[in-house]
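Have a look at the structure below, then the notes.
The values are calculated or read from the model by the stated rules, or taken from the named source; none is laboratory data. Every value quoted in this text rests on a predicted model; they were computed, and no experiment measured them. For neighbour counting, all protein chains shown are included, and Cβ atoms are generated from backbone atoms with ideal geometry for every residue, glycine included.
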Amino acid sequence: MRIFDPHIHMTSRTTDDYEAMHAAGVRAVVEPSFWLGQPRTSIASFLDYFDSLLGWEPFRAAQYGIAHHCTLALNPKEANDPRCVPVLDELPRYLVKDQVVAVGEIGYDSMTPAEDTALAAQLQLAADHELPALVHTPHRDKPAGLRRTLDAVRASALSPDRVLVDHLNETTVKEAKESGCWLGFSVYPDTKMDEERMVAILREYGPEQVLVNSAADWGRSDPLKTRRVGDALLKAGFTDDDVDQVLWRNPVAFYGLSGRLNLRNTTTDVTHEGNSILRGGE
């Protein structure tokens, strides 16, 4: 089983996770930029973070045979903080980098006017740079959040078939599918979706334009959830081809819209800027 996790925050994970993911079949990941868990206090912290997603993290992933790409953006939660908003002016020079395969995560957290402004601006950036967009739907009041998201997409210069609407569930999948957007599902141990619910959704709606991710981060999450979904689908009677479409070909097709996806990008020097992942060794 080959797996492409289209949304995972590996900055929050260890090299043990990379090793376990490779053993489970993961050969590619996309890491969206997101918030730190505590407020950023300056633009410089964003820029250092973006640099790490473009340099250190691909280096770490390559040590375990995993191709790493990223999406960059001002995330919805921090769009409400005036200290963070000026990063929008810095994004254009990062969005031209080869490792960047979409603008994201953008979208809504609390559905504020500030989030409206940041979403519209970043959808325009995606259109300007000929990149797709990864959109975060809010964890609260999902149906209203999805409708507000789709309204913003329709008002933008970006076609819906270049937008991945993530964190969907049973209350939002039908409307999202009808919009023409790609459909993203995050599978967690306790919250969001689980394996059995994903099986039910794929039975009802089919595998077309569906992406399944672990969204693993610094909270309670599991970077092997993509593999667990694949196993559950096979157990439920889906074919190997169905599983390959959902866990590999669909994310390749979506992020391939960027023209920058390089799935052979797993070779690297033994160090990155003089540093290795080894501690205490040569």
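When each of Glu130, Glu170 is tested for being out of contact with any His (no Cβ under 9 Å at 6 or more places or on another chain), among the charged types (D, E, K, R) and touching a residue at least 40 places away in the same chain (Cβ under 8 Å), the lone residue that passes is Glu130. Number of residues in the range 88-119 that are crowded, with 17+ Cβ neighbours inside 10 Å, of a type in the set (D, E, K, R) and out of contact with any Leu (no Cβ under 7 Å at 6 or more places or on another chain) equals 2. Look at the range 248-272: where a residue is at pLDDT 95 or above, no partner that is hydroxyl-bearing (Ser, Thr, Tyr) and surrounded by fewer than 17 Cβ atoms within 10 Å (Cβ to Cβ) sits 6+ places away or on another chain with Cβ atoms under 7 Å.
Picking from residues in the range 183-202 that are of a type in the set (Gly, Ala, Ser) and either at positive phi or part of a strand (DSSP E or B) (or both), the one that is surrounded by the fewest Cβ atoms within 10 Å (Cβ to Cβ) is Ser186. Of all the numbered requirements in (1) assigned to a loop (DSSP other than H, G, I, E, B); (2) at pLDDT 95 or above; (3) closer than 21 Å to Thr149 by Cα; (4) in contact with a strand residue (DSSP E or B) (Cβ under 9 Å, 6 or more places away or on another chain), Phe34 misses one, and that requirement is (2). Of the numbered conditions (1) buried (at least 18 other Cβ atoms within 10 Å of the Cβ); (2) at pLDDT 95 or above, Ser221 fails exactly one; give the number of that condition. (2) is the only condition that Ser221 fails.
When the range 216-252 is examined, which residues are found to be small (Gly, Ala, Ser) and either touching a Lys or Arg at 6+ places or on another chain (Cβ under 6 Å) or closer than 25 Å to Asn262 by Cα (or both)? Ala216, Gly230 - these are the residues of the range 216-252 that are small (Gly, Ala, Ser) and either touching a Lys or Arg at 6+ places or on another chain (Cβ under 6 Å) or closer than 25 Å to Asn262 by Cα (or both).
Conditions (1) among the charged types (D, E, K, R); (2) out of contact with any Phe, Trp or Tyr (no Cβ under 6 Å at 6 or more places or on another chain); (3) under 30 Å from Gly230 (Cβ atoms); (4) not in a helix (DSSP H, G or I), marked per residue:
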residue: Ala44; (1), (2), (3), (4): no, yes, no, no
residue: Leu47; (1), (2), (3), (4): no, yes, no, no
residue: Asp51; (1), (2), (3), (4): yes, yes, no, no
residue: Pro58; (1), (2), (3), (4): no, yes, yes, no
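The rows are residues; the columns are (1) among the hydrophobic types (A, V, I, L, M, F, W, C); (2) touching a strand residue (DSSP E or B) at 6+ places or on another chain (Cβ under 7 Å).
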site: Arg60; (1), (2): no, no
site: Cys70; (1), (2): yes, yes
site: Cys84; (1), (2): yes, no
site: Pro92; (1), (2): no, no
site: Val96; (1), (2): yes, no
site: Ala120; (1), (2): yes, no
site: Ala133; (1), (2): yes, yes
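So, in the range 121-140, exactly how many residues are surrounded by fewer than 21 Cβ atoms within 10 Å (Cβ to Cβ) and at pLDDT below 95? Result for the range 121-140: 3.
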